[in-house]
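Participant: To start, I am sharing the structure in question, which I have written as structure tokens.
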Amino acid sequence: MDLVKLLGPAIGTLVRVAIERPVGAGVTRSPVYPEGRVKLPGRRLDGLTRALSGKMAVKVGEALSGLREIEFGSLGEDAWGSVVIAACDTLGKMPTVTASSLLEIDLDPDRLYTQVRRSDPDRAAKAALSGEETIAYERVLRECCWQIVEFITRQPEFTRRVQVELVRRTGEMANSLDRLSENSESHDLLNFERRYLEMVLDKLDRLQLFGVTLRHSDAYSLSTAYLSLNASSEQANRRNGRAGADRLRVHEALADAKRVLIRGEAGSGKTTLLQWLAVNSVQSPESLPEGWSAGIPFLLPLRRYALQDLPTPDLFPREIAPALSSEAPPKWASSVLNSGRALVLIDGVDELPQNRRGDVWIWLNDLVKTYPNSTYVITSRPPAVDGKVLVPSKFDTFMLLPMGASDVRAFVGQWHKAIRQVRDDSGHALATYESELLDKLARRRDLRRLATNPLLCALICALHLERFRQLPQDRMGLYRAALEMLLVRRDESRGINADRVNLSQQDQEALLGQLAYWLVRNGWTDCDRRDATNRLSRYMKAMPYVDSRPSDVLNFLLLRSGILREPVVGRIDFLHKTFQEYLAAQAILDDGDIDAMIKHAHEDHWREVVVMAVGHSRRDERERVIRGLVERGEEEDDVRRRLYLLAVSCLEHPGALDPTLVSEVREKASRLVVPEDWRQVDLIAAAGEVVLDVIPDPTLLTDTEGTLLIETVNRFDIEDALPVLARIGKSQSRAVRGKLAAYWPESAVESYASAVLGDMRLDDVSVRAHGPRQLQAAAKLEALNTLVVQEVPGAETVALDQLSHLRGHRNLRTLILDSVAVTDLEDAASCPELDTLIIHESFIQNGLQSLHGTRLRELALLGIPNSASIEAHVSAIVSLPDLRRLTLDVSAIPRNGLDLPNNSTLERIDFLAQRWMASAVDYAHRAPAWFCIDSSRTVLDWHRPSLAKIGNLPSLKEVSISGWPSGAEVELLRNLPRLEVLRVVVAEDQLRDSILSGGHEYNYPTVSSGAIRTIRALGGLKRLEIGILVPDSVADLYSPVRHNRIRYVRTESFPTIAREIRSNLPHGAKICLSINGSTV
């Protein structure tokens, strides 16, 4: 056999892969590339490639011939040919080999051989090679790897890359020598880091048990008790212009988000989340959100800096390890930040005075710009951070959502599990308490309405245990019982008597209340110990019967009350800000300062104080507060909405009120309870469930108002929200109904489907079903037209038989399977009206065979996970007689290509490089959106299927591709007699440059060049639609701490590109040009 001829094509392919695009040394992100053919000195790339292919084939062929005679003479001609063919196949599957990749393996041919084998591990078995033939096959591959290394190292580009690599490695060697010379310092550094991380675990891996009597401890392991709650991405809301996104678990929402702002109401678990991130960054980095890694955490409670400058990096360790921080090596914290190992956790923007909050963003912006590779998480209550705040760029924002029914059940289980670790439960009494509490939560609606966040849930659990299953009926009662438990019963149950200080519960509450009121007046959440002592001294003058010194009283409150604490030596704060607000409200009433409180009611740190003051007050005081809020709102336009909604919040407390006043408040609030933008959702939801009673006719709202209102209503208990959501479902707005159909509550699934979706128009919206329960409920909707079946986030794929609920559905027309696994599609095929099937990242065990003969008109196969099933999918396409549209990405194309019969009825075909590129064709705006495809996280591979096989499809009218067609493909398209529309998905020019400089494949010209060339070549084309993908940030595209992010924005205009294309069109051209969905 002529080995040169046999290996020539394979080696030619190999050489073309091996030659890099001339990107220079690769040290700039935006190099300038020549258009058209890439040239090397003196010769064109394609001619040079053929010449080099011949030389390589001759050289390898000669080496292989000698090898056969010496080592494998016993192999016959046919056997040797099988060996060489197998080697050729493996070389064809190997990953791209470049000068850069060879330098990464130190030009070691053996390591290259290992990579080649890994790219095609089963080749010997597939080729049915014998033992001796397998040895020969491996020897052939190894020789080829030596020749590849030799070839690439002779290229001019290799010299430039070596120069850069030499400088880099020389620097590393110098650094290594420096490190060796500083060995003792390195030992001290490692020892300090070890001790600091031990302090992180010791201080942060614990949560307080509110008032529970324990034999050894009043805290339990955070690692044991932590519950990941739900969050909604507000960054996506602003970008997409929609109100609300999926409810995701916090650890899922934070995936790849390295700069994060987390907003949440009081008690929603913000600080606990920061503790959990810190602890897991040390002991369990695998538990962190995807894309995060182990690091050095710095927890910075902002309340410490109400009266001092915000900390510089050298002060960061002091918050967790104040004593140890004095031993920190010079500039240790700065070096950790600079290396990207730091996890900076900034807690409580709302706990700073309002006039200091702007300083936070300036300080944070400086940190981020100085140390861009570190991870930053900052928390706040919603009112303290809204859209008007200048948050540093590239921060992802999330809102912690109220706990759902399943969250509450899980929390109760985790809480009792944690108690068992620190308390004797040999009699299994705790199991009885747990089951009885769960039963109460299921039966008592008033209790469920209280259990909306971790703080309240923890109080309910503790009170249920300590009060022998007796629980309050309202929120104020819950706080009152918690204070009694913390102030009195905690010591009584422990048998503790304070012989030096004797304060009743009433005295303790009075002193704590005055201290809390003083903090609220100043906008603080903590204070200096000496200032707290001085304040108590002033208050105690009204208590002549207390003969203890103020310092002893403060110590008593710190040691015995369970409400006050000293987390850092010399700084005093309350166990939770909610207790501070509760006590301050009582002190305001005691002092008769209602008017002063109303004057400050518009300030966010006074809001809860006002609401709790109404809960504490008598009827005349309640009416005075509410009337004062209304009257002030009438006079001050800029704070009217805030004050009216605050007045509505005050109605939630039990107690008689003037009916006329109640009616007035409801009437005024009804004009303001519909959000005008997403920032107002928090403000309105904070008013409480009474908002649900004053919502105006939702069918008269605009698209934006309706979707924002849904987001607001979804913040409340689903049983209270269902009637309102059903009213909203009567809307004629497709966007509003689409949101209701897409975002189900996680509880009351059947009730939601019946009450909301059952009476709603569904013919123009997509119903999204997460998991089996929602799928079963959706299948019962007679008007169901379009259904998206998705896996439950964080769970396994949907069970293989779950599509049985859809069998024979009379009206289902479109079925989208996203990340699910099913045995077959027989149940779907039984739906008589089904004409569209979209399969996205889903596993169909038996392929598409059950669709044989159905009247399906549209089929999309995107991100097929199991390559073994591709042939089964594609072979069934020819059995669909009415198929008009076919969408495929590279995962759904068999290795031997896609063969369609000449008599195919296809009128449109989409060939894409990646599944997410479908978002830039027309899936991005179908009813109501193609939400299965996320184009924000990508693999930047633009190699798509060839168009060579569509030349025999004369019925084609529309073609969609990723990347501009080549010259040969343009000729093929020109010969399609009925072609009218061409859609092309391309990278914006800046993104294109970034892709190329990063070493990725993008063999297409710029947007305008490609468009002009295509239009001139396809003179008969009626419409050209261009979908342009843009980067979120080119600077971060290849950052080691962030994933690649690019996106498609429908209706985004590119006026410069549009003008350039229009000005270069042939004279008299009548083609219709569209860019990102907008005609230009």
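Participant: Can you name every residue in the stretch 126-164 that is in a helix (DSSP H, G or I), among the aliphatic types (A, V, I, L, M) and either closer than 17 Å to Gly92 by Cβ or more than 45 Å from the chain's Cα centre (by Cα) (or both)? Before you say what the answer is, go through the steps one by one.
Facilitator: So the first thing to find is which residues in the stretch 126-164 are in a helix (DSSP H, G or I), and the list is 126, 131-152, 156-164.
Checking which are among the aliphatic types (A, V, I, L, M) leaves us with 135-136, 140-141, 148-149, 152, 162, 164.
Scanning the stretch 126-164 gives Ile135, Ala136, Val140, Leu141, Ile148.
Participant: Can you say whether Leu455 is in contact with a His (Cβ under 7 Å, 6 or more places away or on another chain), under 21 Å from Ser268 (Cα atoms) and not assigned by TED's automatic domain parsing to the domain that holds Gly264, as far as the supplied structure shows?
Facilitator: Working: in contact with a His (Cβ under 7 Å, 6 or more places away or on another chain): yes; under 21 Å from Ser268 (Cα atoms): yes; not assigned by TED's automatic domain parsing to the domain that holds Gly264: yes.
So Leu455 fits the description; yes.
Participant: If a residue must be surrounded by fewer than 16 Cβ atoms within 10 Å (Cβ to Cβ), part of a helix (DSSP H, G or I) and either touching a residue at least 12 places away in the same chain (Cβ under 8 Å) or under 41 Å from the mean Cα position of the chain (by Cα) (or both), how many such residues does the stretch 625-638 contain? Explain how you work it out, then say what you get.
Facilitator: Of the residues in the stretch 625-638, the ones surrounded by fewer than 16 Cβ atoms within 10 Å (Cβ to Cβ) are 631, 634-638.
Still in the running and part of a helix (DSSP H, G or I): 631, 634-635, 637-638.
Going one step further and asking which of them are either touching a residue at least 12 places away in the same chain (Cβ under 8 Å) or under 41 Å from the mean Cα position of the chain (by Cα) (or both), we end up with 637-638.
So the count comes out to 2.
Participant: Can you name the residue in the stretch 179-207 that is surrounded by 10 or more Cβ atoms within 10 Å (Cβ to Cβ) and modelled with pLDDT under 75 and, of all such residues, is farthest from Lys331 (Cα to Cα)?
Facilitator: Across the stretch 179-207, the extreme among qualifying residues is Leu207.
Participant: Do we have Asp366 as within 17 Å of Asp309 (Cα to Cα) and without any contact (Cβ under 8 Å) to a residue 24 or more places away in the chain here? Break it down into steps so the answer makes sense when it comes.
Facilitator: Working: within 17 Å of Asp309 (Cα to Cα): yes; without any contact (Cβ under 8 Å) to a residue 24 or more places away in the chain: yes.
It is true that Asp366 is within 17 Å of Asp309 (Cα to Cα) and without any contact (Cβ under 8 Å) to a residue 24 or more places away in the chain.
Participant: Please go through the stretch 938-956 and give me each residue that is part of a loop (DSSP other than H, G, I, E, B), surrounded by fewer than 16 Cβ atoms within 10 Å (Cβ to Cβ) and over 35 Å from the mean Cα position of the chain (by Cα), ordered by number.
Facilitator: Gly951, Asn952, Pro954, Ser955 - these are the residues of the stretch 938-956 that are part of a loop (DSSP other than H, G, I, E, B), surrounded by fewer than 16 Cβ atoms within 10 Å (Cβ to Cβ) and over 35 Å from the mean Cα position of the chain (by Cα).
Participant: What number of residues within the stretch 705-717 are under 21 Å from Leu651 (Cβ atoms), part of a helix (DSSP H, G or I) and not aliphatic (A, V, I, L, M)?
Facilitator: 1
Participant: Can you find even one residue in the stretch 586-593 that is crowded, with 22+ Cβ neighbours inside 10 Å and among the hydrophobic types (A, V, I, L, M, F, W, C)?
Facilitator: The first filter runs over the stretch 586-593 and keeps only residues crowded, with 22+ Cβ neighbours inside 10 Å, leaving 586-588.
Retained after the next criterion (residues that are among the hydrophobic types (A, V, I, L, M, F, W, C)): 587-588.
Yes: one or more hits.
Participant: Among the residues in the stretch 818-831, are any within 26 Å of Ile909 (Cβ to Cβ), in contact with a Gly (Cβ under 8 Å, 6 or more places away or on another chain) and at pLDDT 90 or above?
Facilitator: yes
Each row is one residue, and each column tells you yes or no for (1) under 19 Å from Ala451 (Cα atoms); (2) at pLDDT 85 or above; (3) surrounded by 19 or more Cβ atoms within 10 Å (Cβ to Cβ); (4) in contact with a Leu (Cβ under 8 Å, 6 or more places away or on another chain).
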position: Arg642; (1), (2), (3), (4): no, yes, yes, yes
position: Leu645; (1), (2), (3), (4): no, yes, yes, yes
position: Pro654; (1), (2), (3), (4): yes, no, no, no
position: Leu657; (1), (2), (3), (4): no, yes, no, yes
position: Leu661; (1), (2), (3), (4): no, yes, no, no
position: Lys668; (1), (2), (3), (4): no, yes, yes, no
position: Asp677; (1), (2), (3), (4): no, no, no, yes
position: Ile684; (1), (2), (3), (4): no, yes, yes, yes
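Participant: If I filter the stretch 802-854 down to residues being of a type in the set (A, V, I, L, M, F, W, C) and closer than 21 Å to Gly758 by Cα, which single residue comes out as farthest from the chain's Cα centre (by Cα)? Before you say what the answer is, go through the steps one by one.
Facilitator: Taking the stretch 802-854 first, the residues of a type in the set (A, V, I, L, M, F, W, C) are 803, 806, 812, 815-817, 820-822, 825, 828-829, 831, 834, 837-839, 843-844, 848, 851.
Narrowing the set further to residues that are closer than 21 Å to Gly758 by Cα leaves 803, 806, 812, 815-816, 831, 834.
Values: Leu803: 28, Leu806: 31, Leu812: 31, Leu815: 26, Ile816: 22, Cys831: 35, Leu834: 33 Å.
By that ranking, first place goes to Cys831.
Participant: In the stretch 71-125, what residues are assigned to a loop (DSSP other than H, G, I, E, B) and in contact with a Gly (Cβ under 7 Å, 6 or more places away or on another chain)?
Facilitator: Correct list: Thr98 only.
Participant: Is the stretch 785-803 home to any residue that is outside any strand (DSSP E or B), modelled with pLDDT of 90 or more, buried (at least 18 other Cβ atoms within 10 Å of the Cβ) and touching a helix residue (DSSP H, G or I) at 6+ places or on another chain (Cβ under 9 Å)? Before the answer, list the steps.
Facilitator: So the first thing to find is which residues in the stretch 785-803 are outside any strand (DSSP E or B), and the list is 785, 791-803.
From what's left, modelled with pLDDT of 90 or more: 785.
Now narrow it down to the ones that are buried (at least 18 other Cβ atoms within 10 Å of the Cβ): 785.
Filter again for touching a helix residue (DSSP H, G or I) at 6+ places or on another chain (Cβ under 9 Å), leaving none.
The answer is no; no qualifying residue exists.
Participant: So if I check each of Ile877, Ile909, Ile893, which one is closer than 23 Å to Leu787 by Cβ, crowded, with 17+ Cβ neighbours inside 10 Å and modelled with pLDDT of 65 or more? Write out each step before concluding.
Facilitator: Details: Ile909 fails: closer than 23 Å to Leu787 by Cβ; Ile893 fails: closer than 23 Å to Leu787 by Cβ.
Criteria check complete, one pass: Ile877.
Participant: Output the number of the condition that Arg983 fails; it satisfies all remaining conditions of (1) modelled with pLDDT under 90; (2) surrounded by 20 or more Cβ atoms within 10 Å (Cβ to Cβ); (3) among the basic types (Lys, Arg).
Facilitator: With (1) modelled with pLDDT under 90; (2) surrounded by 20 or more Cβ atoms within 10 Å (Cβ to Cβ); (3) among the basic types (Lys, Arg) applied to Arg983, the lone miss is (1).
Participant: May I ask you to list the residues in the stretch 293-332 that are within 30 Å of Arg249 (Cα to Cα), part of a loop (DSSP other than H, G, I, E, B) and in contact with a Pro (Cβ under 7 Å, 6 or more places away or on another chain)?
Facilitator: Ser293, Ala294
Participant: Quick check, is Arg619 modelled with pLDDT of 90 or more and more than 26 Å from Gln473 (Cβ to Cβ)? Write out each step before concluding.
Facilitator: Numbers: modelled with pLDDT of 90 or more: yes; more than 26 Å from Gln473 (Cβ to Cβ): no.
Spelling it out, it is not the case that Arg619 is modelled with pLDDT of 90 or more and more than 26 Å from Gln473 (Cβ to Cβ).
Participant: Same structure again: Tell me, which helices (runs of 4 or more DSSP H) wholly within the stretch 402-504 include 2 or more residues that are surrounded by 19 or more Cβ atoms within 10 Å (Cβ to Cβ) and modelled with pLDDT of 80 or more?
Facilitator: On the way: elements: 405-422, 429-443, 445-450, 454-466, 475-484, 490-494.
Once the helices (runs of 4 or more DSSP H) in the stretch 402-504 are filtered for at least 2 residues that are surrounded by 19 or more Cβ atoms within 10 Å (Cβ to Cβ) and modelled with pLDDT of 80 or more, what remains is 405-422, 429-443, 454-466, 475-484.
Participant: Of all the residues that make up the stretch 510-535, how many are under 19 Å from Val349 (Cα atoms) and of a type in the set (A, V, I, L, M)?
Facilitator: The qualifying residues number 3.
The values are calculated or read from the model by the stated rules, or taken from the named source; none is laboratory data. Only a predicted model underlies this, so the values are computations on that prediction, with no experimental measurement involved. Note that each Cβ is placed from the backbone with ideal geometry, even for glycine, and that neighbours are counted across all protein chains shown.
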